[in-house]
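Presented below is the structure to which this report refers.
The values are calculated or read from the model by the stated rules, or taken from the named source; none is laboratory data. In this text, all values refer to a predicted model and were calculated from it rather than measured experimentally. Using ideal geometry, Cβ is built from the backbone for each residue, glycine included, and neighbour counts are taken over all protein chains shown. Side chains included, ligands, DNA and RNA excluded: accessible areas come from the protein's heavy atoms. Shrake-Rupley method; radii C 1.70, N 1.55, O 1.52, S 1.80 Å.
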Amino acid sequence: MGKEVGGGAEAAGRSAGTPLDRARRAVRDLLRATALAGFAVPQLLLLAAATVTAVLLGVGLGVLLVPATVLAVRALAGRRRTLAARWSGVAVREPYRPLPPAEPGLKGAWQRCRALLGDPATWRDLLWLLVDPVIGFTVALFPPALVAFGLFGLLQPWLWEPIASADGNTWYWWVHVTDPGSARIAVLLAVPTLLAGPAIAPGALRGHTALARALLGPTARAEALAAQRKVVHLTETRRDALTAQAAELRRIERDLHDGAQARLVAMGMNLGVAERLVERDPQAAKQLLAETRQASATALNELRDLVRGIHPPVLADRGLADAVRALGMDSPLNVTVTADLPGRAEAPVESAVYFAVSEALTNAAKHAGASRVDVQLWYQDGTLKAQVTDDGTGGADPSRGTGLRGLERRLATFDGVLAVRSPLGGPTTLTMELPCELSSPRTSSS
């Protein structure tokens, strides 16, 4: 279930402050309750659309309408969750199951339809469409209705005669307004009626939010299943991380053994020979020393490349944006990099995004036949995002190759996700998202 965020602080805030502050908050909540009552209009429209979709589902046409209808309902429910957090300090998490990748065409539409209808949260959203326009509408509309009725009472000295002459209802609460005296009594009753609207508006807002949380939040069983899926996901990503770490260690050992280590051993042997030749054949000793110096420079470059493959110095010194720009300059493709990062993420997260973008650029150059790549980096809603778009031939599919699967595993270690959009003929767009917090200020301009 959703949890209350800052509920205690907000409750304290309601009771604190000057009477004018409390009056302003009450009027604000009155306006918010009125806005929530307006949800009934799109709810009823979507309920009618869902009914038509259900009827057409029996003849097969509804298969094409179910995704659009359900996603529209989810969008409206998502807006209500957002308002619950913003106006009442109550966070209502989305309870939906992740949608499996669907095939194109009618078969894919049927798979998506089955997945949406098989999600219990879909039916709870439909229950919300049924219940909220009645109960929620009544709760939300009650405070503004009291205000309107109070204003009506204040106008009784001028309205009762026209109403009576039109054979209308001249009762105000329990007072039968038939003369100026009873109209003044109605005015006295109208004052507390008018004030009651803003007074009960905060409670009505909390009640409406409680109904939304009960219907739109995850159930206890869904929370348990989500926790179970989280454990499985963490187990898989931990295994993948350990496997990747072991493979990386083997690569480093192999590169050291075949590269710098072999050169260092050869350098030691050359120095030993040069030591023996320095008096007997100084010219040969000088030649060996020159070769050793060249080998030392080569070994140093190999060590630098090896370090760059573990954690590039530019990434540590300048940050993710400049490191990706350096990748773009080294790429044979025409790479454009735009970045809007107001701070630095943790080093492992930056490293994961860096190498994911690096692999995406490599794939675009080797397999996609691309000539131009656009890389975008930005931070939004607690998530570091990267998008790589190339103008290649498209047709990239994570299920048919190890490259994209490797990207997915690299990002999944940090609870990140990879979205692939690659129609035949291109373009291919890879969108990567990693939840993280930014700490230090930016070190590079965008």
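Scalar couplings 3J(HN,Hα) for the range 46-54, obtained by applying the Karplus form with A = 6.51, B = -1.76, C = 1.60 to θ = phi - 60°, are 5, 5, 5, 5, 5, 5, 4, 4, 5 Hz; x denotes Gly and Pro.
Apply 1/(1 + (r/R0)^6) to the Cβ-Cβ distance of Val27 and Val420, taking R0 = 45 Å, and write down the FRET efficiency to the nearest 0.05.
Working: r = 49 Å, r/R0 = 1.10.
It comes to 0.35.
Inter-part distance, the range 309-369 to the range 114-148, computed on C-alpha centroids, equals 46 Å.
As a rough guide to protection, the peptides 117-129, 279-291 ranked by mean Cβ packing within 10 Å, highest first, stand as 117-129, 279-291.
Under a 5 Å amide H cut-off, with hydrogens placed 1.01 Å from N, Tyr172 pairs with Val177 among residues at least 5 apart or on other chains. Accessible surface computed residue by residue for the range 339-424, with neighbouring protein chains in place and a 1.4 Å probe, gives 47 Å² per residue.
Any chance you could run the full-extension gain for Ser296 through Ser439? It's 0.36 nm times the residue separation minus the Cα-Cα distance, nm to one decimal.
Separation in residues times 0.36 nm, less the Cα-Cα distance, equals 47.5 nm.
Couplings 3J(HN,Hα) for the range 332-345, derived from phi with the Karplus relation 6.51 cos²θ - 1.76 cosθ + 1.60 (θ = phi - 60°), are x, 8, 7, 10, 10, 10, 10, 9, 9, 10, x, x, 10, 7 Hz, where x marks Gly and Pro. Overall, the accessible surface of the range 129-206 at a probe of 1.4 angstrom is composed of carbon and sulfur to the extent of 76 percent. A simple rule links phi to the HN-Hα coupling: the Karplus curve 6.51 cos²θ - 1.76 cosθ + 1.60 with θ = phi - 60°, which for the range 415-426 gives 6, x, 10, 10, 10, 10, 10, 8, x, 4, x, x Hz, with x for Gly and Pro.
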